[in-house]
Amino acid sequence: QVQLVESGGGLVQAGGSLRLSCAASGRPFSRYALGWFRQPPGKAREFVAAFSWSGGSTPYADSVVGRFTISRVNAKNTVYLQMNSLKTEDTAVYYCALRLTADVTSTDSGYDYWGQGTQVTVSS
């Protein structure tokens, strides 16, 4: 059974940094894609970034380009989202999600498994 567990959220001042982690278990993840999404208060869930364990492009939402970086540790089946220069509008619940194909997508319906989410709050 696939399990995704996010951690690393918290409260940070604008301009600060956080690193989110997503620990994945239950599948040979080398053939799949993983995405980060977020849901701001009162808004719909939105795409943040994604990558494929087999390589290829790593798309980012325009709003986070140059500030957020997705990375992974293969041996640990762990994916990180490094978030720098945080803004108040980055406040949201952040989710990681697994897609059971190697190609990435920014569409949340294209993902098969989701973590429970971790809250990120950026204060002014």
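Odds and ends about this structure:
- Phe47 being among the aromatic types (Phe, Trp, Tyr), in a strand (DSSP E or B), under 16 Å from the mean Cα position of the chain (by Cα) and within 19 Å of Ser85 (Cα to Cα): yes
- Subset of the stretch 86-117 that is outside any helix (DSSP H, G or I), farther than 23 Å from Pro28 by Cα and among the hydroxyl-bearing types (Ser, Thr, Tyr) - its residue that is least open to solvent (accessible area, probe 1.4 Å): Tyr94
- When Thr78, Thr88, Thr69 are screened for being touching a residue at least 60 places away in the same chain (Cβ under 8 Å) and either in contact with an Asp or Glu (Cβ under 8 Å, 6 or more places away or on another chain) or hydroxyl-bearing (Ser, Thr, Tyr) (or both), only Thr88 passes.
- Test result for Gly66, modelled with pLDDT of 95 or more and either open to solvent by 60 Å² or more (accessible area, probe 1.4 Å) or not small (Gly, Ala, Ser) (or both): yes
- Candidate set: the stretch 8-30, residues that are assigned to a strand (DSSP E or B), among the polar types (S, T, N, Q) and open to solvent by 40 Å² or more (accessible area, probe 1.4 Å); chosen: the one nearest to Ser85 (Cα to Cα): Gln13
The values are calculated or read from the model by the stated rules, or taken from the named source; none is laboratory data. Just so it is clear, the model here is predicted, and its values are computed rather than measured. Glycine also receives a Cβ, built like all others from the backbone with ideal geometry; neighbour counts cover every protein chain displayed. What goes into the accessible areas is simple: the full protein's heavy atoms, side chains included, and nothing from ligands, DNA or RNA. Shrake-Rupley method; radii C 1.70, N 1.55, O 1.52, S 1.80 Å.
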